[in-house]
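The numbers here are math on the coordinates, done by the rules we state, and not lab data. Just so it is clear, the structure is predicted and the values come from calculations on it, not from any experiment. In this analysis, Cβ positions are derived from the backbone assuming ideal geometry, glycine residues included, and neighbour counts consider all displayed protein chains.
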Amino acid sequence: MELHGFGVGTRIAIGNAVRMPDPLPTPEDVAFRGDVAAEQERAKAAIKLTQSQIAARAGEAEGSLKEVLEAQSMMAADPAIEGLVTGAIEAGKTAERAVYESFQQFADTLKAMGGYMAERATDLGDVSQRIRAQLAGVPAPEVPQRDEPFVLVAVDLAPADTGKLDLDKVLAFVTRDGSPKAHTGIIAAEKGLPAVVAAAGADDIPDGALVVVDAAAGQVIVGPTKHQLDEARAKQEEQAKIADAPIEPGALGDGDPVQLLANVGKPADSQPAVDLGAEGVGLFRTEFLFLDRSTPPTKDEQVEVYTSLMRPFAGKKVVARVLDAGADKPLSFLNDSAEANPALGMRGIRILRVRENLLRDQLAALAEARDRSGVELWVMAPMVADAADSDYFTAVGREYGLEVVGSMIEVPSAALVAEQVLRTSDFVSIGTNDLTQYTLAADRVLGTVANFQDPWHPAVLRLVAETGRAGQATGKPIGVCGEAAADPRLAVVLVGLGVKSLSMAPPALAGVRVELRKFSREQANEVAQRVLAAASGDEARQLFDDYVAEQG
Ligand code: PEP
Ligand code: MG
């Protein structure tokens, strides 16, 4: 059996499938007519047992997982929860329904508080599921523990689950739902974990079946033939060779340089990026530091964190993006949750223009961190729509002594007037994740329209070409920092369209570095022009492969 979905990363994995238990259904709201006291005792016992299991796991865990488990254990031990549950049973609910409703009520209260508290609501949902699994005598819906490495198969994975995956045990994951550009996909890419998401039919993968997960092809082979297995093993060996290839500066085969940079979000990301040969940072997603807070960090706090993130890159380029709050990255102290279409609302530079003090604090903190760490700091604004946004941002940036101030090209309008944007911007960096979502009018986090999130789409590539032309005309550098830069073949096309630097999740650097060296400048330009004429993303990929085959 072969399944198709959307690949994250380019690696291939072979292993036995282990299914994550499905989320428990919502318990029916039927009147409870049994012994109320006994039902209350049953609920209390399940809560207590679950709490001690979580506490035991917290005792063995480390780092952020330990913190989450400790918080969950405290939630389960909270007498207020027990009071709600026993009260609901008294009022005629079953233990399962009482647990469901009580936790829901608690979670709603936390969500209303916003920020850090709202984040914890997801953890509460997890505790509720565990208690209900205990009551029903079924396994809790969590990542199973195994002694041997395995391929995880799930309906979907929350970003928190993905962040916690043990890379020594999980070889790859396959989900029925999800979208490659949602944060689960981005976290998987950061970890270098191959995945295929939105794979229809994933529900039919039997537990224990041997599977091949080919992220580059977006394909899952269940029960491969000997031939398929041999092919997969050969690809794996090839990939191992690429990963072990010597680290050289990024360049095309004839030496034309292409800067290879890292996408980072927190200080712990920096050293591993340097170790994988990142020549600097092409996208520092600063909002990751603000995500779980109900108030903005002070300028001093920002200076601390930015400095420790920048230090490993002393002497190198670091492109920091100012806060991109909104849509898929809402910040409780900035965004209005009542927006019907947040991706089209107050996000990125739009909201910073209104809350200018936040922007000013951040720019001051970035400038100070630059001085302390000794990096070559570039700053850029997200969600720039046109030259008015870039003029504004550059003017404010200059007030803080920032020498290199640029704009992201994520909105199609900005790509179309890139030359005007570059009148004041010192550089632009194309965010292909958002550029794809806005060009194809398809929400990047929605699994049902995941098939539109294809940066090979010629409409997206034409906007990249337009931006490349503007770079040529103004002599200013054009980079790409969306996930497209991590696809080795697409990286060649982007360079052929005039892109001078590529920034990606560090595990992708080796594959892109090796692929670029296979093409001369002339070949990269030629294949890019061919691909532009395609009618679809699939046709674009085919035209690329045809060109490579022709060239022998
Ligand atoms: C992008 O949109 O391509 C990008 C790099 O920014 P983010 O994914 O953080 O929105
Ligand atoms: Mg973006």
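Take each of the peptides 298-309, 168-179, average the number of other beta-carbon atoms within 10 Å over its residues, and list them starting from the highest.
168-179, 298-309
The alpha-carbon of Lys500 sits under 22 angstrom from the alpha-carbons of these lysines, leaving out residues fewer than 8 places away in its chain: Lys316, Lys317, Lys476, Lys518. Taken along its principal axes, the alpha carbon cloud of the chain reaches lengths of 80, 62, 38 Å, longest axis first.
For the range 289-408, a crude dipole built from +1 on the beta carbon of Lys and Arg and -1 on the beta carbon of Asp and Glu, taken about the Cα centre, is about 220 debye to the nearest 20. The fewest-to-most ranking of Leu49, Leu289 by surrounding Cβ atoms within 10 Å reads Leu49, Leu289.
Extension gain for the segment Lys299 to Glu248, taken as residue separation times 0.36 nm less the Cα-Cα distance, is 14.6 nm to one decimal. Going from the residue with the fewest nearby Cβ atoms within 10 Å to the one with the most, Thr439, Thr467, Thr225 rank Thr225, Thr439, Thr467. Pairs exceeding 23 Å between alpha-carbon atoms, taken from Lys44/Lys111; Lys44/Lys169; Lys44/Lys93; Lys66/Lys266: Lys44/Lys111; Lys44/Lys169.
Rounded to the nearest 5, what % of the DSSP beta bridges within the chain are antiparallel ones? Could the numbers behind the result be given before it?
On the way: 17 of 55 bridges.
About 30 percent, rounded to the nearest 5.
Binning the C-alpha pair distances of the range 399-543 at 10 Å intervals from 0 yields a P(r) profile of 12, 42, 35, 9, 1 %, listed from the shortest bin outward.
What is the magnitude of the charge dipole of the range 395-540 about its Cα centre, with +1 placed on the Cβ of each Lys and Arg, -1 on the Cβ of each Asp and Glu, and no other charges, expressed in debye to the nearest 20? List each step's numbers first, then the result.
On the way: 13 positive and 16 negative charges, 87 e Å.
Computed about the Cα centre, the dipole is about 420 debye.
Fewest-first ordering of Leu69, Leu435, Leu334 by other beta carbons within 10 Å of each residue's beta carbon gives Leu334, Leu69, Leu435.
Compute the relative contact order of the range 36-136 as a whole-number percentage, counting only Cα pairs closer than 8 Å that sit 6 or more residues apart in sequence. Don't skip to the answer; put the middle values down first.
On the way: 105 pairs, mean separation 31.9, N = 101.
Relative contact order, the range 36-136: 32 percent.
Magnitude of the Cβ-charge dipole of the chain, K/R +1 and D/E -1, about the Cα centre, nearest 20 debye? Can you show the working numbers first?
Details: 54 positive and 80 negative charges, 147 e Å.
So the magnitude is around 700 debye.
Find which of Phe103, Gly87, Ala473 sits farthest along the positive direction of the dipole of the chain, computed with +1 on the beta-carbon of Lys and Arg, -1 on that of Asp and Glu, about the Cα centre. Towards the positive end, the residue furthest out is Ala473. A dipole drawn for the range 245-551 from +1 and -1 charges on Cβ atoms has a positive end, and of Phe452, Ala534, Ile430 the residue lying farthest that way is Ile430. By DSSP, the beta bridges lying fully in the range 123-240 are antiparallel in about 35 percent of cases. Summary value for the chain: 15 percent relative contact order, contacts being C-alpha pairs under 8 angstrom separated by 6+ residues.
Just so you know, the Rg over Rh for the range 285-438 is 0.95, from Cα atoms, with Rh as the Kirkwood radius.
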